[in-house]
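A short write-up of the structure that comes next.
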Amino acid sequence: MSTEQTINDAMDTLIRTRPGFWTRSACGVTRSLGQIPALLDRNAYSVETSRVRILLLGGLTGYQADVDMALHALELFAGGGDSLSLRIALSAVPCANPDGLRLNVAPENGAGGNPSSVYPPEGKYYYDLEDPEKRYLWRWICFQAPDLMIELQSGDSLNWEFNQAAQSLAPGLGGKSISGGQGLLAALGSGHPDGLGTVPGLRLTATDEQLPRELGRLFSMLRQLDMLGKSKARQTLDARRGRPKTEIAKALATAYGHTFDPVVYTQGVPISGRLRLHQLEPSSDNPAPDIATMLEGFAMAGVPEDLAPSGLASVVWGDELAYSTGEARYNELVIQAAERFESRGQGVAPRPCDPDFRTEDMFMSGAILGRAFNITGNAKYIDILADFILSGKIQQTHGLFWHCRSAAYYWGRGNGFAAMGLAEALTYLPEDHTSRSAVIAMYKRLMDSLGRLQHHSGMLNQVLDVPGSYLEFTATCMMGYAMARGIRMGFLSDEFKTVVDLAWQGVAERVDDIGNVVDGCASTGVQNNVRDYLDRPAIFGFDDRSGGMALWFAVEMERLARGI
């Protein structure tokens, strides 16, 4: 039996011991495409819980004895009954270096890296050829934001160590300041990890025989004394999540939508978002005059002839700017863009869409052809759109979409493009159109599948069928927007409100007060294999693609909340 299967079997046994408390998950992907296993408490990401959230970490070194100790600790906790589990939400990463364990090269990982070395890891998220585990662990732990992290190591000499944020726990345990100031626990305990706040951390080195007594001391201390509140990291996430949707939208609108160079949808969507936000908040400063000035040269010249669909979708703001300014000439830009889509016959992708039916084109065409139909009432636009959506045949029976016909991979943002394209199409597709029922069926199958695959944090993975692939920002925004739009307009049931609220929770936690975002996948064309999709860079900071999608999502969520 493989090492991975042995650990998974042990976690499954623990889940059966405490039914309803734990779920098996993954928090990363190694260079060998193995998963970094995780055991999640039901309240690991809960907003309302009063339980203390603790994360147990084992096997960072890749040594079998450390993994065994972590699994033993979980067994002890499970055997503690309600006196522990009703007060403590314990999640765990029992083997943080599975390749090192499997290949017997601990403390290295078999790819030239060492997951227990210097933290925080800089750059190369998540495509480091030697040390991917460090990047996955760092980001996952920071945004899981436990109130306390406990690392376990097997050793002959009993020793408790604490990081800077856990000094209050030291006297009760007889601990000392943690050695190795560049390790994971030390980095979590100082400064503002990932722009959030500190996480208190303890390291217990002990024999397996000493483990029950020492954990008993810790849990007894935590149970009897109110000495461990929310970590600063968790407080920061609470504060971000607690902001009104319009406040988050205003932060995004301040950061994004202020340029139209290059002419591409990643610039057009946030411009549209700024106009949508003002419609919600008419007492705020009207951005339309500034936007009109910025776009004047483009509007005078008209839509260029040689734009790809991603460029044609850049004018999604056209009808909204026409409404805001009262100038119909901006509607003409939408119509010009729609005229670039030419039918090549039924069952064939229209020009200039990719003949291989890429999911990106579902959004690009849906956003423009739907608006053009709404402006003109000309059925040719909506007919081209409906035929394109139904002809692709890249949606699988379980609901997810391949990236295109020649790329049978379930890329997160690729399915986000499909979700948004279907939602945009259904926004404009007439109730009596012969294709509407088929498009709705496609949309609902996709929403069902995305809802099932949603991570406990609310996010979607970079590759949807690879648990542990990074939690990707844009795909989550796009799913959330498509669901919120469907619920608001009545072509999706209210039962999806739980999914969309959780998606908003994850997104809100990943937008700071000046519009920076966390882990938006960089621009991505069709890739050759799953590894290539996993290795696409994740942007942390300013990203107009992510910011625009988040702004649309925020406004749509506020519209849903207001019932308008």
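Miscellaneous remarks
- Net charge dipole size for the chain [Lys, Arg +1 and Asp, Glu -1 on Cβ; Debye, nearest 20]: 940 debye
- About its Cα centre, the dipole of segment 171-309 is roughly 980 debye, where the only charges are +1 on Lys and Arg Cβ and -1 on Asp and Glu Cβ.
- Computed magnitude of the charge dipole of segment 112-214 (debye, nearest 20; Cβ of K, R +1, Cβ of D, E -1): 260 debye
- Rounded to 10°, Cα long-axis angle of helix 497-509 versus longest principal axis of the chain: 70 degrees
- Of the three principal axes defined by the Cα atoms of segment 162-317, the extents in descending order read 77, 37, 22 Å.
- Debye log10 I(q)/I(0) for segment 11-110, one point scatterer per Cα, at q = 0.10, 0.23 Å⁻¹: -0.28, -1.15
- Met447 accessible area, assembled protein chains, probe 1.4 Å, Å²: 0 Å²
- A crude spin-label estimate for the pair Glu130 and Thr434, with each label 7 Å from Cα along the Cβ direction, gives 6.3 nm.
- Using the empirical formula 2.2 N^0.38 Å as the baseline, the Cα radius of gyration of segment 478-564 reaches a ratio of 1.22.
- Principal axis dimensions, largest first and in whole angstrom, of segment 280-339 by Cα: 39, 21, 17
- Here's the list of lysines a cross-link from Lys393 could span, going by alpha-carbon distance under 16 Å and ignoring same-chain residues fewer than 8 apart: Lys444.
- Based on the reciprocal of the average 1/r between different C-alpha atoms, the Kirkwood radius for segment 40-84 equals 12.1 Å.
- The antiparallel fraction among DSSP beta bridges confined to the chain stands at about 55%.
- In angstrom, the C-alpha Rg and Dmax of segment 57-215 are 15.3, 44.
- Förster-model FRET efficiency, 30 Å R0, Arg87 and Asp9, C-beta, rounded to 0.05: 0.60
- Temperature 4 °C, viscosity 1.567 mPa s: under these conditions the Stokes-Einstein estimate for segment 115-176, based on its Kirkwood radius over C-alpha pairs, is 94 µm² per second.
- Calculated Kirkwood radius over Cα pairs in Å (choose from (1) 24.8; (2) 31.6; (3) 27.1), label: (1)
- Divide the volume of the convex hull around the Cα atoms of segment 366-430 by the residue count and you get 80 Å³ per residue.
- Calculated mean residue ellipticity at 222 nm for the chain: -15000 deg cm²/dmol, from DSSP H runs with n ≥ 4 weighted as -39500 (n - 2.57), summed, divided by the residue count and rounded to 500.
- Value of Rg to Rh for segment 350-390, rounded to two decimals, is 0.96; Kirkwood radius and Rg both from alpha-carbon coordinates.
- Summarised in one figure, the compactness ratio Rg/Rh of segment 315-401, Cα atoms and Kirkwood Rh, is 1.03.
- Using a probe radius of 1.4 angstrom, the carbon and sulfur fraction of the accessible surface of the chain is 49%.
- Cα-based convex hull, segment 405-564, per residue volume (Å³, whole number): 111 Å³
- Cα pair distances of segment 132-221 binned at 10 Å [whole percent]: 17, 49, 30, 5
- Spatially, segment 1-27 and segment 145-208 are offset by 25 Å when compared through their Cα centroids.
- Qualifying lysines (Cα of each under 27 Å from Cα of Lys124; at least 8 residues distant if same chain): Lys134, Lys232
- Dipole of segment 271-334 [Lys/Arg +1, Asp/Glu -1 at C-beta], most positive-end residue of Gly311, Thr293, Gly273: Gly273
- Heavy-atom surface of the chain, accessible at 1.4 Å and reported per residue (Å²): 36 Å²
- DSSP bridge orientation in segment 1-111 - percent antiparallel, rounded to nearest 5: 55 percent
- Relative frequency of Cα-Cα separations exceeding 20 Å in segment 343-463, percent: 38 percent
- Rg/Rg_globular for segment 231-319, with Rg_globular taken as 2.2 N^0.38 Å and Rg from C-alpha atoms: 1.32
- Computed over the alpha carbons of segment 463-527, Rg followed by Dmax gives 13.4, 36 Å.
The values are calculated or read from the model by the stated rules, or taken from the named source; none is laboratory data. From a predicted model like this one, the values you see are computed outputs, not experimental measurements. No Cβ is skipped: glycine too gets one built from the backbone with ideal geometry, and neighbour counts run over all protein chains shown. Calculation scope for accessible area: heavy atoms of the full protein, side chains included, ligands and nucleic acids excluded. Shrake-Rupley method; radii C 1.70, N 1.55, O 1.52, S 1.80 Å.
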